[in-house]
Amino acid sequence: MNRKTGLHSLVWMICLSLLLAFAGKIQAAPTVMTGTKQLYGSGGQLDYTHLPSNEFIKYKYDRNGNLLGKEPANMEPDSSVDLNGMDVYEIPNLNVDTSFGSKTTVEFWMFWEGNEVVMPFAWSSKFDLYFADGYFGFNHFNGDIFGIPSTTLKNKWVHVAAVFYNGDPDSGNLELYINGVKQTLQKALGNAT
């Protein structure tokens, strides 16, 4: 696998997720269970099992829904976009609900090598995901982070899903999932407005 330097993300995953979400075509979110995680598709069939060893098992079915078998699955992306801290990949004209109280979910794969003061995702409204001072989480361009310690994210591919809230941030309305596991957020730095 090619592991490039700097912060990596799969912009196409973000684009696809956002475009499908705003077109109203996203299927029901997969069910995630504690311990060994089982990911179900919209049809109710078990698609993947995520083992505590961070290995994935993919289940295959025939068109009648009968299980044909299962096999190990590599969930790390084959390629990525190299974001060097200076590049910006903009997705214009998204039909985002900006009314107070609305929520928008953004998902992507990321490989972070430990650099601080980097932003894997940002809205033009000054609301982003940010790495700084040993933390990763939601930032409002005020030197603030509402998130988690970043040490466990370093030097590996992780899947990030972030639920952005239009309003005053707190642990009840912002959500951060790492590899399908909901994180307990804390006010780590500064004051969010």
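Remark on L174: its backbone amide H falls under 5 Å from none of the residues 5 or more positions apart or on other chains, H modelled at 1.01 Å from N.
Can you pull the Rg over Rh of the stretch 84-174, Cα-only, Kirkwood?
Expressed as Rg/Rh, it is 0.94.
Using the Cβ-Cβ distance between N66 and K182 with R0 set to 25 Å, the FRET efficiency works out to roughly 0.15.
Proximity of backbone amide H atoms, modeled 1.01 Å from N, is registered between F136 and I148, S150 at under 5 Å, excluding neighbours fewer than 5 places apart on the same chain.
Taking a point 7 Å from the Cα of K103 along the Cα-to-Cβ direction, the residues of the stretch 142-170 with backbone N closer than 20 Å to it are 146-148, 159-170.
Let me know the charge dipole size of the stretch 95-193 about its Cα centre in debye, to the nearest 20, where only the beta-carbon of Lys, Arg (+1) and Asp, Glu (-1) is charged. Walk me through the intermediate numbers first.
Values: 6 positive and 10 negative charges, 36 e Å.
Dipole of the stretch 95-193, to the nearest 20 debye: 180 debye.
Readers should treat all values here as calculations from the given coordinates under stated rules, not as data from a laboratory. None of the values given here were measured: they were computed from a predicted structure. In this analysis, Cβ positions are derived from the backbone assuming ideal geometry, glycine residues included, and neighbour counts consider all displayed protein chains.
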